[in-house]
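Below is one structure, written out as structure tokens; comments come after it.
The values are calculated or read from the model by the stated rules, or taken from the named source; none is laboratory data. This is a predicted model, so every value here is computed, not measured. Because the Cβ atoms are built from the backbone with ideal geometry, glycine has one as well, and the counts that use them run over all protein chains shown. Ligands, DNA and RNA are stripped out before the accessible areas are found, and what is left, the full protein with its side chains, is counted by its heavy atoms. Shrake-Rupley method; radii C 1.70, N 1.55, O 1.52, S 1.80 Å.
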Amino acid sequence: MSVIYYNGTILTMDETYPQAEALFVKNGEIVKRGTKEEIFALKEEGTVLHDLGGKTMLPGFIDGHSHFAGLANSLSQCDLSGAKDFGDIVRLMQTFIKENEIPKGAWVSGTNYDHNFLAEKEHPDKKVLDEISTEHPIVVIHASSHMGVANSAALHVQNLTKETKDPEGGRYGRTETGELNGYMEENAFVQFRNAMPMPDIETLMKLFKRAQGIYAGYGITTVQEGMVTAPLMGLLQYAQKNHVLYLDLAAYLDLENCGEISEEQEEYLNQYKDHLKIGGFKIFLDGSPQGRTAWMKEPYEGAEDGYRGYPIKTDEQLYSLILKALEKHQQLLAHCNGDAAAEQYITQFEKVKKDHPELDTCRPVMIHAQLVQKEQLERMKAISMMPSFFVAHTYYWGDIHIQNFGMKRADKISPAGSAQRLGLPFTFHQDSPVLMPDVLKTIWCAAKRVTKTGAALDPQECISVYDGLKAVTVNAAYQYGEEKTKGTIEEGKLADLVILEKNPLKVPLEEVQDIKVMETIKEGKTVYQYRENLDK
């Protein structure tokens, strides 16, 4: 099958040939870009003529980091993002249970509550959740996904009691008498969630399809699963073998607990098999800045006893994990929000590189990099470590960062401008399901750098819309080691394309976030098409 796209703006994102009049695609690949005359000369019997109608085409957007299965699962959970107080959480969850006719004894999950925006300005506890139901195990997940709360029934099912000790790199909330109050953060919450039952396989596959539809609706053609356990890898393989996947999905294995790649998994290693590949490994080094668990060099504002958050790994553990990844010749992604976590990752990577100069660094990535400092970015460039910025924090949680860190530090969150001036390539992401994978909103956030209340953050860290587009196309393809097949509209690359309602380089900045994705094309096939009055 062949298609000619014409009568619109085609932004190639290739600086040697920035714009084309028309494009010829055949069998899922880009055959030629050029003038309308050149492309129409290639027309053959059966070629489809796709009139862009003045719209703008770009390379398909590439997700810098997210949790695909987490977004899929969130579609079966109660959305608490609109909750304004504990009473709202109780009412929303009770309505969810009733409307979905959830039987007694079945688990019920809520997602995306944020204590920062609740009237109580604190997390609920098990007593609040017990008001929802004492006959269902209940858990509500914080917007950051780094913490959550369980009711009494859920604690009982998982045998969590007063005697349960805090795990390394995590903690349980407790009453004055030492009883668990239902709150959990970091590794305590990770262990809790890993022990929860999963939906049946048929339900999960339907959720996987819906989740891909959401990504495609935002123009994304390559998606990431940013933390893969052994059970999840099995589910992803099941999805691949049953042809559920139609977007490319790069999976990053939990290095500490899933770091041994089986013979069966080797066929996915650094290459796609029916849209699934293993891209490398992932580790966590700290927590959430809005949840005050990110590991900082200096104390949080107003913190008693100099509280700075805390690390997940010791230096020795991290050194060993970095070495393990590089010895396996695999890319390593590390979750780092605080500047102390960034320092630990960079320092230990430098040590491994010095001790083992024969090992390829495999394009390591610092995920989030929200409070990384300029001096640290310079060191990252020296070891070819890329930051993937969760830059939408500037808008969604910028005001909370000002409260937590003071203006001097908050001013510099997600310092894309500094990285740009250093010539350090960077990408953007939304950490879905933390936020919907709204690429254009993220680019607006990076170019505008204003909080929800209108506070302006350091304009020196702003970037242009073009460089924002580059972060989610050219740079993102490079991050994945896929620059030969993706990221630009060039001959021989995959026909992964997105068609936008307007040219983001020509509209006022304020309008960039509202540009509609009209069509998303994966390897020449339309996987999303805009319909008026339909959700993405």
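With no solvent and one equal point scatterer per Cα, compute the Debye intensity ratio I(q)/I(0) for region 312-453 at 0.09, 0.17 Å⁻¹ and report its log10, rounded to two decimals.
Here the Debye-derived log intensity ratios amount to -0.28, -0.92.
Please compute the contact order of the chain in relative form: average sequence separation of alpha-carbon pairs under 8 Å and at least six residues apart, divided by the residue count, as a percent.
Relative contact order for the chain comes out at 17 percent.
Could you tell me which GluC sites (Glu not before Pro) in region 354-416 are loop residues by DSSP with no more than 15 other beta carbons within 10 angstrom of their beta carbon?
Counting only loop positions with at most 15 other Cβ atoms within 10 Å, the GluC sites (Glu not before Pro) in region 354-416 are E358.
Subtracting the Cα-Cα distance from 0.36 nm times the residue separation, let me have the gained length for Q373 to E358 in nm, one decimal.
The Q373-E358 span can extend by a further 2.6 nm.
Taking every pair of alpha-carbon atoms in the chain, what share in percent sits in each 20 Å bin, from 0 to the bin with the longest distance?
Pairs per bin, as whole percents: 22, 56, 21, 1, 0.
How big is the equivalent ellipsoid of region 407-494 along its three axes, where each semi-axis is √(5λ) from the Cα gyration tensor, reported in whole Å from largest to smallest?
26, 15, 11
Divide the volume of the convex hull of the Cα atoms of region 433-536 by its number of residues and quote the answer in cubic angstrom per residue.
Normalising the Cα hull of region 433-536 by residue number yields 139 Å³.
Using the structure shown, list the pairs from K277/K448; K26/K241; K84/K282 with a Cα-Cα distance above 30 Å, or answer none.
Too far apart for the 30 Å limit: K277/K448; K84/K282.
Which residue, L422, A471, M518, has the largest displacement toward the positive end of the dipole of region 403-536 when charges sit on each Cβ (Lys, Arg +1; Asp, Glu -1)?
Result: L422.
Return the calculated 222 nm mean residue ellipticity for the chain, to the nearest 500 deg cm²/dmol, obtained by summing -39500 (n - 2.57) across DSSP H runs with n ≥ 4 and dividing by the residue count.
-9000 deg cm²/dmol
Can you give me the Kirkwood hydrodynamic radius for region 429-471, using every pair of distinct Cα atoms, in Å to one decimal?
After inverting the pairwise mean of 1/r, the radius is 11.0 Å.
Probe radius 1.4 Å, ligands and nucleic acids ignored: give me the carbon and sulfur share of the accessible area of region 36-103 as a rounded percent.
Ligands and nucleic acids excluded, carbon and sulfur reach 48 percent.
Give the cross-link partners of K351 among the lysines, using a straight C-alpha distance below 17 Å as the criterion and excluding same-chain residues fewer than 8 apart.
Those lysines meeting the cut-off are K313, K324, K381.
Looking at region 51-141, I'd like the Rg to Rh ratio, where Rg is from alpha-carbon atoms and Rh is Kirkwood's inverse mean 1/r.
Taking Rg over the Kirkwood Rh, I get 1.17.
For region 406-455, what ratio Rg/Rh do Cα atoms give with a Kirkwood hydrodynamic radius?
Expressed as Rg/Rh, it is 0.98.
From the P(r) of region 181-319, could you give the percentage of C-alpha pairs in the tail past 27 Å?
35 percent
Dividing the alpha-carbon radius of gyration of region 209-284 by 2.2 N^0.38 Å (N being the number of residues), what value is obtained?
Normalised by 2.2 N^0.38 Å, the Cα Rg of region 209-284 equals 1.05.
Can you sort T451, T175 by 1.4 Å-probe accessible area, starting with the largest?
I get T175, T451, largest accessible area first.
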